[in-house]
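Shown next, in structure tokens, is the structure this report addresses.
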2 protein chains.
Amino acid sequence: MAAITIIGKGNMGQAIGDVFTQGGNQVTYLGHTDPIENLGTIVVLAVPYSAAISIAKNNSAALADKIVIDITNPLNFDTWDSLVVPADSSAAAEIAALLPDSQIVKAFNTTFAGTLKSRQVVGVKTTVMAASDNADAKKTLAAALADSGVNFIDAGSLKRAREMESMGFLQMTIAASEQIGWTGGFGVLK
Amino acid sequence: MAAITIIGKGNMGQAIGDVFTQGGNQVTYLGHTDPIENLGTIVVLAVPYSAAISIAKNNSAALADKIVIDITNPLNFDTWDSLVVPADSSAAAEIAALLPDSQIVKAFNTTFAGTLKSRQVVGVKTTVMAASDNADAKKTLAAALADSGVNFIDAGSLKRAREMESMGFLQMTIAASEQIGWTGGFGVLK
């Protein structure tokens, strides 16, 4: 059981909260303009990339020693043709640079809200992948998800956030082109 | 029906040939040191990235006007921690720069040989994604795959090869860490 604070009450924040609640964790929400205080062990930044950067910039002390989960897909939403982060970086790396005393984990960006809520990608159990340089943070996240109805995969170091964000981006573009539904996408099969 | 030349007789070349043969196409093979001649409409570079670059460098005239399919995942196989192409580029873009008169398509790099051969990713029909700046080339490839036992998804312009290569890389790392099998991986669910 972990105490989890989700910043952001949109589709993704709610779906992630639902998953963690089923996992037996204590979930509380903050709106993205609320003061960042009374935080749990795990803090999920369930907000768009620009808002996540803003929160990180302004709250490094409050977020120190927390497991901070970045779920963003930092698309250029004007063009849907690139990411707004440098090509050799990732949203997670940019956020990590602003929060040197936090344990940054990239997760939940390769799962649509619909597949988190339903726990399935068209019949295939939903898998949450997580990348982090902190092995203990990944273990804590995996434990919090153990009874939540989703599978967990360790995607490696935080460097792999770049690949996860590419995958999230690609998944969004093929959904936007209506070749898959927003209840579908990439399933992970063992 | 298309005439298809596959350069490379390894696991991937054989699996791709099997798929195209079921699709009713005429498939011939060249070893990667054979002269690049008597080519079909579609040429699959089923060789490692460095060999694909070498073939492209030395055979731009023979490959002119051909649909050239790049299937590579350009990993640094010493470290398994990065790709050897520039971060803002892709193997497909590097090959395309060497073959200005060919129609370059990125495809087959997100499917392991095992999932092409079996046509399934642990029970989910295998999907071939294809990225290219040439819409006709993608249509020709889609038609060649129509009766082959795999699904086809248009992944957009050749720029998306970067994301496909990231996805291929990530899939290989989670297979190498034995969290999925080489007969599993990322299924595409609609």
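The values are calculated or read from the model by the stated rules, or taken from the named source; none is laboratory data. Note that this is a predicted model, so its numbers are computed, not measured. Every residue, glycine among them, receives a Cβ derived from its backbone with ideal geometry; neighbour counts consider all protein chains shown. Each accessible area value is taken on the protein alone, full model and side chains, heavy atoms only, with ligands, DNA and RNA left out. Shrake-Rupley method; radii C 1.70, N 1.55, O 1.52, S 1.80 Å.
Checking each residue in region A:9-36 for being touching a residue at least 40 places away in the same chain (Cβ under 8 Å) and more than 15 Å from A:K117 (Cα to Cα) picks out A:G24, A:N25. Against the conditions (1) open to solvent by 10 Å² or more (accessible area, probe 1.4 Å); (2) under 19 Å from A:A161 (Cβ atoms); (3) more than 8 Å from every other protein chain (Cβ to nearest Cβ), B:A135 satisfies every one except (2). Scanning region B:141-172 for residues that are among the hydroxyl-bearing types (S, T, Y), within 10 Å of chain A (Cβ to nearest Cβ) and crowded, with 21+ Cβ neighbours inside 10 Å turns up just one, B:S166.
I need a count of the residues in region B:96-124 that are without any contact (Cβ under 8 Å) to a residue 24 or more places away in the chain and over 20 Å from B:Y49 (Cα atoms). I'd like the intermediate steps shown before the answer.
Taking region B:96-124 first, the residues without any contact (Cβ under 8 Å) to a residue 24 or more places away in the chain are B:97, B:120, B:123.
Add one more test, that the residue is over 20 Å from B:Y49 (Cα atoms), and what stays is B:120, B:123.
Counting residues in region B:96-124 that are without any contact (Cβ under 8 Å) to a residue 24 or more places away in the chain and over 20 Å from B:Y49 (Cα atoms) gives 2.
Applying the criterion of at least 2 residues that are open to solvent by 60 Å² or more (accessible area, probe 1.4 Å) to the strands (runs of 3 or more DSSP E) found wholly in region A:1-112 leaves A:26-30. Given the criteria in a helix (DSSP H, G or I), out of contact with any Asp or Glu (no Cβ under 6 Å at 6 or more places or on another chain), of a type in the set (D, E) and modelled with pLDDT of 95 or more, does B:E165 qualify? So B:E165 fits the description; yes.
Within region B:113-126, the residues that satisfy the criterion of being open to solvent by 10 Å² or more (accessible area, probe 1.4 Å), within 14 Å of chain A (Cβ to nearest Cβ) and of a type outside the set (A, V, I, L, M, F, W, C) are B:G114, B:S118, B:R119, B:Q120, B:G123, B:K125.
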